[in-house]
Amino acid sequence: MNYAENILETIGNTPLVKLNTLTKELPCLVLSKYETFNPGNSVKDRMALQMINDAEADGRLQPGGTIIEGTSGNTGMGLALAAIVKGYKCIFVMADKQSKEKIDILRAVGAEVVVCPTNVDPKDPRSYYSVSKRLGEEIPNSWYVNQYDNPSNCKAHFLSTGPEIWEQTDGKITHFVVGVGTGGTISGVGSYLKMKNPNIKIWGIDTYGSVFKKYHETGIFDENEIYPYITEGIGEDILPKNVNFGVIDGFTKVTDKDAAIYTQKLSKEEGMFLGNSAGAAIKGVLQLKEHFTKDDVVVVLFHDHGSRYVGKMYNDSWMRERGFLEEEVKTAADLIKNHTEKPMVVVQTEELVSHAIERMRDFKISQIPVKDVDGFVGSIDESLLLHHFMNDKNISDRPIKEVMGKKYPIVKLNTKLEEVSKLINKDNQAVLVDLENGAHHIITKYDIISAI
């Protein structure tokens, strides 16, 4: 009989799968190293097991111990699977930008999860780097994994992923492309492939808000490059020791929007239900088109599975809220179609200014149309209220009709986007749309900017 002794023996030996639709304009063969076939559905299973085995071998991890790590989710899953088989407890620290699915999955395999804020400096005691390190120091019989600086991370890919790719391509690989986070995958695979053939090009996929690309090109760690971003699993605001810049030939940066859009495209056009970093990776491959020839064999590694992103990149409402959906906007009807189910907030002429302020606060809006029994007669917005407040500190108790501005222009549903845009200016904060059923809706600057 042919069977594995436990789930850990199924890690590795993932397939290479050709891309056909998204890469049809490229001159080369593009193959994906499809790491979701690992039991934890990600490439991180490989290094998680290697790090545990090495820690057991040198005594850092003792029987009955607790494994502690800061993770975006996938390393945690790999560590958790190994911990179940080997009899360890797990505490994982995650940033709050990670998908709910990742947090739920880790708890489903018995791990304790601590969630920390994303938008803090790595040295801030609240960061997931700092919290995981502190827990490793405080909890008895624990081992802090530190995948960013742990050499076993890179070692795992030098010993397994790199050799697999070399053998599966019969040594014909010319380019390896992969998203860079901890740096273990690109450095381990890159080192192995360049050992076999120094002419193989190693390309890293970075994201805007990360320091890798500029540091690689200039040697400058530019803190101005660091800002919050949405893409998960790649990019960093630190320089992990596992990133071997010497084996990397170059980086290309992919926007949050492109990464999200191409995550969906992989699913809908290639039948590949993959994670957010895969979208960034394939878009990066397309951006590198000029580097490829007809004889090249490009291998792009896809890190994890789409099930971790169902509430994000595979949720059209989430995508739409961030302006990531590729929807053609031509008319006023297109501008309001995503919120027509919500009634338009209005105030009456005889209401007090305090009522308008309360509605602005409750609905998180900055302008409101004003009505009387005959229809729309004026408007209230934040800048107008601030102007009046400077002259009258008791403005809240005055009737709206005494402070309101001009009424908003009204357009038809088929009014062109360009015409609607021209109506919004510093003196006019919004436009009303006649829904042709006696009701109206509002278009604001935000709606125009989102469409653009």
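Tabulated data for the structure shown
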| quantity | calculated |
| --- | --- |
| Segment 233-368, Cα convex hull volume normalised per residue, Å³ | 194 |
| Angle between the chain longest axis and helix 74-86 axis [Cα atoms, degrees, rounded to 10] | 50 |
| Shape category assigned to segment 1-95 from the gyration tensor of Cα positions, a/c cut at 1.5 | prolate |
| Mean separation of Cα contacts under 8 Å (6+ apart) over length of the chain, as relative contact order % | 13 |
| Cα centroid of segment 10-58 to Cα centroid of segment 94-133, whole Å | 24 |
| Globularity index of the chain, i.e. its alpha-carbon radius of gyration over 2.2 N^0.38 Å | 1.20 |
| Share antiparallel - DSSP beta bridges, segment 306-452, percent rounded to 5 | 75 |
| Fully extended contour minus Cα-Cα distance, from PHE221 to ASP96, at 0.36 nm per residue | 42.5 nm |
| Bins of 5 Å from zero: percent of alpha-carbon pairs in segment 266-340 | 3, 12, 18, 20, 14, 12, 11, 6, 3, 1, 0 |
| Helix axis angle, 382-391 relative to the chain longest principal axis, alpha carbon, degrees | 60 |
| Relative compactness, segment 332-451, computed as alpha-carbon Rg over 2.2 N^0.38 Å | 1.05 |
| Sequence of THR161, THR263, THR118 once ranked by neighbouring C-beta atoms within 10 Å, starting from the fewest | THR118, THR161, THR263 |
| The chain: calculated mean residue ellipticity at 222 nm from DSSP helix runs of at least 4, using -39500 (n - 2.57) | -10000 deg cm²/dmol |
| Cut-off 15 Å between beta-carbons: net charge of the residues surrounding ASP427, Lys and Arg +1, Asp and Glu -1 | +3 |
| Degrees, to the nearest 10: 256-270 long Cα axis against longest axis of the chain | 70 |
| Value of Rg/Rh across segment 318-368 [Cα atoms, Kirkwood radius] | 1.10 |
| Segment 44-144: C-alpha gyration tensor shape, a/c 1.5 cut-off, then a/b vs b/c | oblate |
| Of LYS18/LYS289; LYS155/LYS213; LYS155/LYS241; LYS33/LYS86; LYS406/LYS426; LYS33/LYS214, pairs whose Cα-Cα distance is over 19 Å | LYS155/LYS213; LYS33/LYS86; LYS33/LYS214 |
| Efficiency of FRET between THR293 and ASN244 - r from beta-carbon atoms, R0 30 angstrom, step 0.05 | 0.70 |
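Values in this text are rule-based calculations from the coordinates and carry no lab data. On a predicted model such as this, the values are computed, not experimentally measured, just so you know. A quick note on method: Cβ atoms are made from the backbone with ideal geometry, for glycine too, and the neighbour counts reach across all protein chains shown.
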